[in-house]
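Colleague: My structure is below; once you've seen it, I'll send some questions.
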Amino acid sequence: MPDQLSPDDQQSAVSTDHGPTDGIPQVGDSLAVRLSLGGDEQTTPAASIATNLLVIDRRTFTRDCLVAAFDAHSLIGMVASAPSPEDVLLRSDQDPPIDAVLINLAADPFDEGTLASIRSQLTSLQPAGRIAIMTSVSDDVHLDDAIRAGIFGYLPSDTPLNIAAEALRLVGLGWTVYPRLTQSVQEPRLGSAMYCAEIAGSLTARQKHVLDGLRLGMTNRAIGARLGISERAIKAHVQELMRRLKVRNRTQIVAKLAGTDFSDS
């Protein structure tokens, strides 16, 4: 872990105890970090590159506080801010690229659909979906909703600054960072990841191209024009993906397959 952690944080930074989270390193007293890149387990990368962060918070006071805190931290590089996902779309192409997005929900209610919608809105800014939320709600139901919506990081509102900065750095590198998972929440997630990996290996080249279009937020007509096939054919591919993933719409396809490698072998 980075040198910036306090002695107390360093002492509790990594636990290798086995149990419900066997094989997943535990960070701090509450956060679990797992790296999934192409199915290979990776070691914790060195903190050599600062993370460019975007903070989204509709509350001016807390937004300014978060920006000031992270801007002063050595793990975080440039810090931008916006009151909502809609305002993010006004960013200039000349602005520095964003490595990770932190959305402070505080005590705002949310569910899987809410988070999937936010993630879809931010696709153009962060195509890899490296988004974390900060919330005062930390029960199993909301953890599961965030996982299913494809959110990379879940930070309780009382997370210490050093741990939050490290978590956001990891999110920016493609890690998933969540509070310690109970067995009831973790098991479906691991099963889902394995199922998605099987699907990734069985997709045709055409289906992968359709999925790329969905991830970019393109319409069926636009995807068809891009691939040189009919809109009706694209619709059939989308319906087949929904059937195999057991989801009801296009947004859920993208959310459920978040972080899954669909590159051609």
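Colleague: Sort Lys246, Lys235, Lys256, Lys208 by accessible area with a 1.4 Å probe, largest first.
Modeller: Ranked from most to least accessible, the order is Lys246, Lys235, Lys256, Lys208.
Colleague: Now a separate question. Net charge within 9 Å of Ala100 by Cβ-Cβ distance, Lys/Arg positive one each and Asp/Glu negative one each, not counting Ala100 itself?
Modeller: +1
The values are calculated or read from the model by the stated rules, or taken from the named source; none is laboratory data. The structure presented is a predicted model; accordingly, all values stated were derived computationally and were not measured. Please note: Cβ atoms are built from the backbone with ideal geometry, for glycine as well, and neighbour counts cover all protein chains shown. The protein model used for the area step is the full one, side chains on, heavy atoms only, and it has no ligands, DNA or RNA in it. Shrake-Rupley method; radii C 1.70, N 1.55, O 1.52, S 1.80 Å.
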